[in-house]
Each structure stands twice: as structure tokens, then as C-alpha cells.
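Data block below; observations after.
The values are calculated or read from the model by the stated rules, or taken from the named source; none is laboratory data. Quantities reported herein were computed from a predicted structural model and do not represent experimental measurements. Here Cβ is always computed from backbone atoms with ideal geometry, including for glycine, and neighbour counts include all displayed protein chains. Accessible surface is based on the protein model in full, side chains and every heavy atom, while ligands, DNA and RNA are left aside. Shrake-Rupley method; radii C 1.70, N 1.55, O 1.52, S 1.80 Å.
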2 protein chains.
Amino acid sequence: MPLKEQLPLFLFESCCITLLLNLAKLCLFLSGMYEVFFKKINEVIHLTADEEAIFKNYLKPKKLRKKQFILQEGDVCKYSIFVEKGLLRSYSVNEKGNDQVVQFALEGWWIADLYSFITGEPSRYNIDALEDCELLLINNDGLKEVRRQIPKFLEFSFLQMQNAYIALERRWSHMVTLSTEERYNKLLDKYPDIVQRVPQHMIASYLGLTPETLSRAKKQMTLPK
Amino acid sequence: MPLKEQLPLFLFESCCITLLLNLAKLCLFLSGMYEVFFKKINEVIHLTADEEAIFKNYLKPKKLRKKQFILQEGDVCKYSIFVEKGLLRSYSVNEKGNDQVVQFALEGWWIADLYSFITGEPSRYNIDALEDCELLLINNDGLKEVRRQIPKFLEFSFLQMQNAYIALERRWSHMVTLSTEERYNKLLDKYPDIVQRVPQHMIASYLGLTPETLSRAKKQMTLPK
DNA sequence: CGACACCATTGATATTTATCAACGGTATTT
DNA sequence: AAATACCGTTGATAAATATCAATGGTGTCG
């Protein structure tokens, strides 16, 4: 019994159109969803279409609205998170109840509590969305499987980790050698996006300062020519 | 014309004995020289004797006396350094001429200025020996070659880099969340060796403090029960 | 529209840490 | 053995930053 027989024609047509529209939307969603991801990887290694397909099996797309959490303190960090679109931030809460920003993650960046992710221990960090986000999640088994099936990706992982280490080391050296103002300027130079898209008190926390101190430092920088 | 004919017998015997002694010393030197190195690697992956032999082709043993440099500011960091024995320290010198300790490396640890090592840019760090050391050096091409010939070693490199990243992240979080005294105690807990073998002003610098501040903090810790 | 949350700024004050200087002890070098 | 370098401690003071409190602006939500 064909569907057509059970419905008035105009309803059937309406259904078809809706269906097609949704299918189109889905296609767009799925193709767009991985765009930045594979672009980033292909800057370092080259994946064939087959390999990309393998990868997609282990990737879990997720949309996250502003202010929502993707990881909360006490939970185990089950996923390594890739930001296709939007802006995440990880932070801890100290004994006085203040947020302590650890990291920001823009489009094209990865973020996780690596320690919790590797060991399975509960995380001491929170990760939430500062903007509406489109994310790709992959768990540790997934990553291992991809590294097994696509050995090139192990190479990528190594290089990525190496770069992350160097960047953190550099951030450390800036923290201990540069003045407050120099640190802010470095950030402004390197990540103008972040400074524009993130409330200033979070920038302050990222730089290891109170909001008041950063505010005063900025004032000092404009006044004396 | 045999050597024996040209020398009095007692001199010939003396030569033989010296030669044998030196050979024995050389063997001991060579076997001992790689002991910690392969022990460390085999904790993570298993290398066959053949693979160890391949590795040795690219390793350059070097002894370094206390106070000698293995890397100086302005030089390119050509080697990744493994400490078989002894204790190294990397540091930078700030504009006031003070040392700023970045890292210590005990037996079984690796040390380098990774940024300079990867990019070939001149280093901003110095690395010197705080004790007489036995080191194994390997350059970037050597590492790449070993990773190519022994794919397991790429896995090792990745895991090692991941651990280094996690450790640095942890050190960061301790730096920003813990008090001076808590930071010192953490170090005491985790690396009692370092605290005993390194002058206190270097510990202070490692913790981001002046020697005076650390001295006073220690005093505070003993007085009030 | 009004209530409310969020945020940057500013002022006054407290706390922490650095800086400068001096001293005494210990190890190293000559 | 004497001279010297190195090191940890202590005191006095200065500088940087945090803390506490208040204000005004801006945007959001009912």
C-alpha cells in the first residue's frame, strides 16, 4: 500500500518537500561539520578519502550552546574535543570560588583535560562554551584505533603534541620573564581574536592576574606616550 | 718483526696489561653507558637486540664535568640530551643578569630546548652540568631515522611527549594555584633527590621565587606547629 | 518598561614578594 | 694555610599585586 494512497496529495507533497529540505540540511551539516577538522590535519599529513571516512566513524559531532558545559569538575574527561566553530574555555575553581582560566580553544584547536583523559581520573577542570559551538568529540579508544588504522595519524599526534608542549613552554617563559603589560601585548599580538571575543576578566585570569590589575595595566599603557 | 723482539720482555708485558685494562674499561664504559637509556625505553616499548643496535648508531655518548655547558644561549640546540648519570639544568638569564631555572634533568630524563631543536633557531637557554654527567646525545635527523626504522619508537616518542605535556601542565597549575610553601612541599614530595642535590637558590628560581623568599618560607614552615 | 545579571573601572588598603645590603659559614682554589 | 667564591640567612625597605568596596554602564529577560 503506497503512502500516496493514504494521504491527500498536497500533504504527501508537503512531506516530500520537508523531507528533502531536511536531507539537504543534514548533508550541509555533515559536510560542514568536518571541514575545519580535516583541513587542519591535511596541513600536516595527507589523508585519502577512505582514511577520512575511517576517521569519521570515530568522530561524534556535537553542538553546544553558549554557557553549556562539555566537562565538569569531578567528571572523567572522556573526549578529546575539536572545535569546528565557536570558542571553548577550560578553567578550575579555586578555594575562594574564583575561576582560574587555563586555556581557550578557538576554531581549529583541540582541548581536553589530558591528564583525566589518559588516566581516567576525575577532572579538576571545567570546560564550557563562551559562544555557540560546533564540536567533534573522539574518545581515547577511538584515537588509538585511528592511530592503529592510519599510522600517519600517529605521526600527526606526535607532532601536534610536540607543538603543544613547545607552546606551553613558551607561555611559561612569558609568564615568568615578562611584565604584566608585555604579557597582555603578546596575547594581543598572537591571539587578537581571543581578546576581542572573551570578557576581559577571563583574559586577566588567563594571564594570572586579577581583573582589577589588568584594567589598571591597560590604563597605564594608554596614558604615558 | 714481532714486537716482542724490539722491547725488553717486562715492558712488553706491561703494555699488554695496560691495553687489556683499557679494553676492559672501554667495554664497561660502553655497556654501562646505555643501561639507563634502554631500561627507560623498555619500560614502555620492547626493543630487540637488533633494534637497540640500530639505535646505538645514532647515539653519541658524552661525558660532561660539573659546571660545563652542553648548550649556551645563542647556539642552536643540535641535540636532544639523555642523562645516563648526573644532573643537568636549563636556565635563561634575564635582563638583570639573574639566572632563571627552567628545568632540571636527573638520570633517566631527557632535556633540550625543544623549540630551538625543532626550528633550528638560536636558543635562549643555557644547559649546564650541576654534577659530573654521562650523557647520550642524538640529533634531530638521528631521531627521525630511528623513528623511521623502528616504528615502535614513534609510539614511544608520542607517549613521552604526552607525558611531558601533562607534567608541564601540572607544574603550571601548581604555579598558579598553590602557595609558595605548598609548591616547595610538592617538589620535596615528588623530587626529594633534586632538592638535596641542587643549591637552594636554584630551587627557588625553579619555583619562581627569589632565594630570600624561599629561605623565609622554609623558616615559616618550621616555626609554627 | 523595569529588574537584574554581568562587567569594567576606580579608590583605599592590605599582603606578598622583590630588592638591596650585610653577615657568617663552608667549600674551593691558589 | 690563606684567599676567594659561593651560599643561605636575616633585616629594612620598596614595588607589585591582591583584596574589598563602590559605581556606572550595558545588555538580557520577564
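Under 12 Å Cα-Cα from A:Lys218, which aspartates and glutamates qualify once same-chain neighbours fewer than 8 residues away are excluded?
A:Glu181, A:Glu182
At the nearest 100 Å², what buried accessible area, both sides summed, do you get for B and A when the probe is 1.4 Å? If you can, show how the numbers build up before the last one.
Details: alone 14430 and 14410 Å², together 25630 Å².
Heavy-atom accessible area buried at this interface is about 3200 Å².
Residues in the stretch B:142-172, backbone N under 14 Å from the label point at A:Arg124 (7 Å along the Cα-to-beta-carbon vector): list them, ranges by number please.
Within reach of a label on A:Arg124, which here means backbone N under 14 Å from a point 7 Å along Cα→Cβ, the stretch B:142-172 contributes B:166-172.
What nm distances, shortest first, do you get from the label point of B:Val176 to those in the other copies when the point sits 7 angstrom along Cα to Cβ?
1.6
Can you list the HN-Hα couplings for the stretch A:153-169, worked out from phi with the Karplus curve (6.51, -1.76, 1.60; θ = phi - 60°), rounded to whole Hz and with x for Gly and Pro?
Each residue's phi maps through the Karplus curve to give 6, 5, 4, 4, 4, 4, 5, 4, 5, 4, 5, 4, 5, 4, 5, 5, 4 Hz.
Could you order B:His201, A:His174 so the one with the most accessible surface comes first? Probe is 1.4 Å.
Putting B:His201, A:His174 in descending order of accessible area: B:His201, A:His174.
Compute, for B:Lys62, the solvent-accessible surface of its heavy atoms (probe 1.4 Å) with the complete set of protein chains present, and express it in square angstrom to the nearest 10.
Here the accessible area works out near 80 Å².
Which entries of A:Lys152/A:Lys190; A:Lys39/A:Lys60; A:Lys40/A:Lys85; A:Lys40/B:Lys40; A:Lys40/A:Lys66; A:Lys60/A:Lys144 show an alpha-carbon separation above 22 angstrom in the structure shown?
Beyond 22 Å: A:Lys152/A:Lys190; A:Lys40/B:Lys40; A:Lys40/A:Lys66.
Which loop GluC sites (Glu not before Pro) in the stretch A:89-147, with loop taken from DSSP, have no more than 11 other Cβ atoms within 10 angstrom of their Cβ?
Counting only loop positions with at most 11 other Cβ atoms within 10 Å, the GluC sites (Glu not before Pro) in the stretch A:89-147 are A:Glu95.
How many nanometers, to one decimal and shortest first, lie between the label point of A:Ile45 and those of its other copies, if labels sit 7 Å from Cα toward Cβ?
Output for A:Ile45: 1.3 nm, nearest copy listed first.
Can you list the lysines whose alpha carbon is less than 23 Å from that of B:Lys96, not counting same-chain residues fewer than 8 positions off?
Partners within reach: A:Lys186, B:Lys67.
Rank these by accessible area, largest first, 1.4 Å probe: B:Val195, B:Val176.
Result of the area sort, largest leading: B:Val176, B:Val195.
Rounded to the nearest 10 Å², what accessible area does A:Arg170 have for a 1.4 Å probe in the complete protein model?
60
Assume the label is 7 Å from Cα along Cα to beta carbon: what separations in nm does B:Asn163 have to the matching positions in the other copies?
2.5
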